[in-house]
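Colleague: Take a look at this one; I'll ask things after.
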Amino acid sequence: MRCERANAKINLYLDVVSRRENGYHNLVSLMQTVSLCDLVTLDFHPGSHTSIRLEASGNADMPTDCRNLAWRAAERFLEASGRRGEVFISIEKHIPMAAGLAGGSADAAAVLRGLNALCGSPLSVGELCAIGERLGADVPFCTVGGCALVTGIGECLEEMPSMPAVPMVVACMGEGVSTPAAYGKLDALHGFFATPTPKDPRVDRLCAALRQGSISEALEDFYNRFEEVVPLEQPCVDPIKRTMCGCGAKKAMMSGSGPSVFGVFSTQEDAIRAVDALRAMGAAAFVCTPRPKFVRTS
Ligand code: ATP
């Protein structure tokens with residue numbers, strides 16, 4: 001039996017660079033894992049046939065069959081490692097779903113890490129990421145965690161120093177967002193990105209700030225392209241941002257394709273005050289902090 005934390009990710013920077021012929025989008029993103037997490041408990045009993053059982057608590061909408069990304073991660077891990085047997089997965093869901101926090105990808109990544117550990121580490125981190133890449137664009141990053149500059153469709157990771165342990169708040173409210181639909185809106189607005197987005201100097205500045213461990217001066221360079229389209233249809237995004245800023249957030253921005261918003265605070269007291277105010281509005285809100293990476297990659 002093994003328990004893995006499946007940490008949510010936020011995007012400090014997220015831009016769409018171009019669109020591939022197969023419809024996938026090339027991105028530039030700075031991703032950071034945060035302490036908000038699902039708890040994934042795993043067990044594996046080797047045997048002559050393979051079966052997967054998945055139990056879930058915390059969100060009745062989460063699928064508990066092969067539609068669950070964690071289930072598919074277990075299948076792919078067994079195939080790739082040549083193992084057979086009974087897999088048990090239990091997910092205690094805390095990360096809001098369809099919120100741009102990569103909850104499903106985090107669960108899948110936790111299954112890859114956890115099953116690999118239970119089986120005596122037959123696969124390298126690179127091999128786990130390669131399995132992850134076929135499951136979803138955020139899975140390679142969620143397998144490694146910490147902070148990374150993510151490019152391609154999510155498969156190219158350049159490790160960055162994690163953000164300093166500043167107090168943060170993650171919050172969301174209202175309907176979830178379908179990530180493909182949000183990309184569709186950006187495609188319509190930007191002519192399917194036929195002209196690639198020019199290189200943005202903010203990315204180098206942000207990476208330099210992370211390397212120097214001084215994120216506060218880089219907050220102005222945080223950016224999320226999805227803020228062009230998602231807040232128009234998700235009326236809760238802007239009020240959540242305003243509430244965070246009213247409680248002292250130095251920056252509040254949407255994560256991923258939304259509608260979740262994260263805020264960076266100077267003090268824990270301000271972060272707690274913001275969570276209280278957001279919950280009074282009816283939002284799901286959590287105090288959290290950036291987390292370092294899970295696995296050694298070198
Ligand atoms: P992404 O940006 O990668 O789409 P997200 O954070 O916006 O991620 P998720 O919480 O991963 O969204 O969920 C998206 C959909 O994936 C859900 O509506 C759900 O039906 C499905 N799903 C499959 N497995 C899981 C899982 N383990 N946890 C949450 N959702 C899952």
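Colleague: Could you tell me whether the range 168-288 comes out rounded, prolate or oblate from its Cα gyration tensor? Rule is a ≥ b ≥ c as square roots of the eigenvalues, rounded for a/c under 1.5, then prolate if a/b exceeds b/c, otherwise oblate.
Modeller: On the way: a/c = 2.87, a/b = 1.20, b/c = 2.40.
Oblate, because a/c is 1.5 or more while a/b does not exceed b/c.
Colleague: What percent do you get for the relative contact order of the chain when only Cα pairs under 8 Å and 6+ apart count?
Modeller: Numbers: 693 pairs, mean separation 70.3, N = 298.
Contact order relative to length: 24 percent.
Colleague: Same structure again: Going by how many other beta carbons lie within 10 Å of each one, how would you line up Asp200, Asp65, fewest first? Numbers along the way, then the final one.
Modeller: On the way: Asp200 15, Asp65 8.
By the 10 Å Cβ count, ascending, the order reads Asp65, Asp200.
Colleague: Neighbouring Cβ atoms within 10 Å as the yardstick, rank Ile52, Ile215, Ile10, Ile153 fewest first. Display every interim value, and only then the final one.
Modeller: Details: Ile52 19, Ile215 24, Ile10 29, Ile153 16.
By the 10 Å Cβ count, ascending: Ile153, Ile52, Ile215, Ile10.
Colleague: Given R₀ = 25 Å, FRET efficiency for Ala188-Thr151 by Cβ-Cβ distance, to 0.05? If you can, show how the numbers build up before the last one.
Modeller: Working: r = 24 Å, r/R0 = 0.95.
Calculated value: 0.60.
Colleague: Could you size up the charge dipole of the range 139-215 around its Cα centre, putting +1 on the beta carbon of Lys and Arg and -1 on that of Asp and Glu, and report it in debye to the nearest 20?
Modeller: Working: 5 positive and 7 negative charges, 45 e Å.
Here the size comes out at about 220 debye.
Colleague: Neighbouring Cβ atoms within 10 Å as the yardstick, rank Ser178, Ser255 fewest first.
Modeller: Working: Ser178 11, Ser255 26.
Ascending Cβ contact count within 10 Å gives the list Ser178, Ser255.
Colleague: Using 0.36 nm per residue of separation minus the Cα-Cα distance, give me the extension gain between Ser18 and Lys250 in nm, one decimal.
Modeller: Answer, rounded to one decimal: 80.4 nm.
Colleague: To continue, here is another question. Using 0.36 nm per residue, how much length does the chain from Asn59 to Ser266 gain when fully extended, once their Cα-Cα distance is taken away?
Modeller: On the way: separation 207, 0.36 × 207 = 74.52 nm, distance 3.17 nm.
Gain on extension, Asn59 to Ser266, equals 71.4 nm.
Colleague: Simple spin-label model, 7 Å along Cα-to-Cβ: Glu175 to Glu86 in nm?
Modeller: Inter-label distance under the simple model: 4.3 nm.
Colleague: Can you tally the net charge around Arg53? Count Lys and Arg as +1, Asp and Glu as -1, for every other residue whose Cβ sits under 11 Å from the Cβ of Arg53. Intermediate results must be reported in sequence, preceding the final value.
Modeller: Values: positive: none; negative: Asp43, Glu55, Asp65, Glu86.
After counting each charged neighbour, the total is -4.
Colleague: Further, regarding this structure: What number, rounded to the nearest 500 deg cm²/dmol, is the helix-based mean residue ellipticity at 222 nm of the chain, given -39500 (n - 2.57) per DSSP H run of at least four residues and division by all its residues?
Modeller: Numbers: 9 runs with 96 residues, N = 298.
Result for the chain: -9500 deg cm²/dmol, rounded to the nearest 500.
Each value in this text was obtained by applying a stated rule to the coordinates, not by laboratory testing. These figures come from a predicted structure and were not determined experimentally. Using ideal geometry, Cβ is built from the backbone for each residue, glycine included, and neighbour counts are taken over all protein chains shown.
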